[in-house]
1. Just to check I understand the Karplus step: with θ = phi - 60° and J = 6.51 cos²θ - 1.76 cosθ + 1.60, what whole-Hz values come out for the range 374-388, glycine and proline as x?
2. Can you put MET323, MET224 in order of Cβ neighbours within 10 angstrom, beginning with the fewest?
3. Calculate, in whole percent, how much of the Cα-Cα pair population of the range 277-472 lies beyond 20 Å.
4. Which loop-located trypsin sites (Lys or Arg not before Pro) does the range 265-353 contain, where loop means any DSSP state but H, G, I, E or B and the Cβ has at most 16 other Cβ atoms within 10 Å?
5. Hey, for a label at GLU448 modelled as a point 7 Å past Cα toward Cβ, could you say which residues of the range 405-424 have their backbone N under 14 Å away?
6. Quick check on my link table: of LYS426/LYS458; LYS325/LYS458; LYS114/LYS364; LYS341/LYS381; LYS76/LYS217, which ones sit more than 18 Å apart, alpha carbon to alpha carbon?
7. So if each residue of separation counts as 0.36 nm, and I subtract the Cα-Cα distance between VAL402 and ASP328, what length gain in nm does that give?
8. When TYR83, TYR266 are ordered from fewest to most other Cβ atoms inside 10 Å of their Cβ, what list results?
Amino acid sequence: MCSRKIFGSVFLVLTVYLSVSVRLLKRAGTFRPYSATETITIYLEDVNKIQTRSKCQLKIYNQPDKNPIIKLNPHKFILPVLYNGPTNQLIGLRDTVYLAILLNRTVIIPEFHKHLTDTSGQFQAVDGNLRVDIPALSALVSVVPHSAISDHCKNHFDVAFLGQPLTQKHFQVNRASLQHYNVTLSRGKRGQRFNTLLNPRDQTLKMKPLDLRDYYKTDAKCAMLYYAYRSVDAKETPEMLLKAKEMNLTDINVSLLPKMDKNLLYSLVATHVHTPEFISNIAEEFAREVIGTNQYIAVHWRFDPLDWQRKCRRETTSPIDAMCKQVDNVTGADIVNAAIKHNKYVLKSSTRPVIYFATPIYRKDLLLSLQSHIRDINQRKGLGVRLYTGLDLQEQLNKYSVCSELNGNVEDVLASVEMEICAKAKSFMFSKHSSWSAEVLNHRVGHEFANFDRDILKATVEFRKSVLSLKST
Ligand SMILES: Nc1nc2c(ncn2[C@@H]2O[C@H](COP(=O)(O)OP(=O)(O)OP(=O)(O)O)[C@@H](O)[C@H]2O)c(=O)[nH]1
Ligand SMILES: [Mg+2]
């Protein structure tokens, strides 16, 4: 009897002990056969993950400035719907900020989208922090994050300003890009797409600032700028950009802004809507750590078959078609020879002559062939010129693979960094009629050697002609 009691108690104690141990072990997540080495591996993996996460050296997300120079109405908003390539999207945001100042509306930071040649997903949404320096923009005007669409506008827009006349084609394009926003636009009368569509057929936003302010006056809380691209009658000019860069922001009299020269106001906006600081930092770091000097020449060759050459119709006499024919007739060797010839004094005076060559990154074939042309020319002329391209930059960006914000956006970020590399170069050879090149040239306004910048296609064609004429004599 007694021994049965003792046995029972021992059994009970053992059962309780075992079940408590099992529960504790389960909770600890280690209830499975394991060896000591496995435990260490799991532990080290976790530590590595934590360390890896904290290793991202880029400051991508920044708080907006809460105290802008131009304080806009916090109860009225404007959101642009952006189109085309990344540079056109940036211009669309500038148009919106310009309008926001005139109409006294807070700017909603839009979503951007990838270029059509981006192999990680054409037109995919890109966070505004990867394209725009939010602190710089918000130091000028009041902005709210993209989430304001749901927070303040309840996913509903009361009014749409048309950035371009609404043709059937535009409407199709616009409708597709609206899907990015998951928003509803209130429908008005039959045939009208919006409650209030503030551009009757013959009116556009291209009017004088004061007229614009009166004409587009509305109590509607949430407004959308539909097809935001060169939709206002103002633009940046080299002269005004220079003036705007030198302006003392604290001297700005906000009430006089609508009376300010429209291109100066637009240029002031343009100098605050630009690429984020982390992009600029990567460009500087690349020049320092990889190129080894900031005294390099940069070339932008925009003419790729998948995008730019879609413009080529070849049977017309338009300037673009003339360029298309020229692009077809030149070789990679002509391009590098022309770049070297145009910059021979700069390159000769440098102990480390360097050319940075920018072109859409999918053109690896061209980039690799340029490397072999440079080797050839160096051998023949004893120059020692080094060529860097997006392929080298790609390697440098690997350093930031731990930054989750960059995952899936590497090509987009790379193109922005290349732009900064070109903007900071000693001399720049641009592609005419490219917004990408034009944006670089805008950055270079006021740069010491900006007057020396030249058209690379023109220089290449001239080089080719000189070779052919030498051969024929
Ligand atoms: N990495 C890299 N990408 C480029 C380069 N040039 C063009 N691209 C790509 O092509 C896109 C073209 O830029 P857009 O902003 O559309 O400018 P654009 O095509 O020159 O000008 P538009 O004729 O107004 O469209 C860029 O955003 C990149 O995705 C380049 O030199 N380097
Ligand atoms: Mg384009």
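1. Result, rounded to whole Hz: 4, 4, 4, 4, 4, 5, 5, 9, x, 8, x, 6, 9, 10, 10.
2. Numbers: MET323 23, MET224 29.
Lowest to highest Cβ neighbour count: MET323, MET224.
3. Numbers: 10735 of 19110 pairs.
Above the 20 Å cut-off, the range 277-472 has 56 percent of its Cα pairs.
4. Values: sites: ARG288, ARG302, ARG310, LYS311, ARG313, ARG314, LYS325, LYS341, LYS344, LYS348; in loops: ARG302, ARG313, ARG314.
Passing sites in the range 265-353 are ARG313, ARG314.
5. 424
6. Values: LYS426/LYS458 20 Å; LYS325/LYS458 12 Å; LYS114/LYS364 20 Å; LYS341/LYS381 12 Å; LYS76/LYS217 11 Å.
Violating the 18 Å Cα-Cα cut-off are LYS426/LYS458; LYS114/LYS364.
7. Numbers: separation 74, 0.36 × 74 = 26.64 nm, distance 4.10 nm.
So the chain would gain 22.5 nm between VAL402 and ASP328.
8. On the way: TYR83 20, TYR266 26.
In order of increasing Cβ crowding within 10 Å: TYR83, TYR266.
Each reported figure results from applying straightforward, stated rules to the coordinates on display, with no laboratory input. Note that the coordinates shown come from a computational prediction; the quantities given were computed from them, not determined experimentally. Counting neighbours? That spans all protein chains shown, and the Cβs are built from the backbone with ideal geometry, glycine included.
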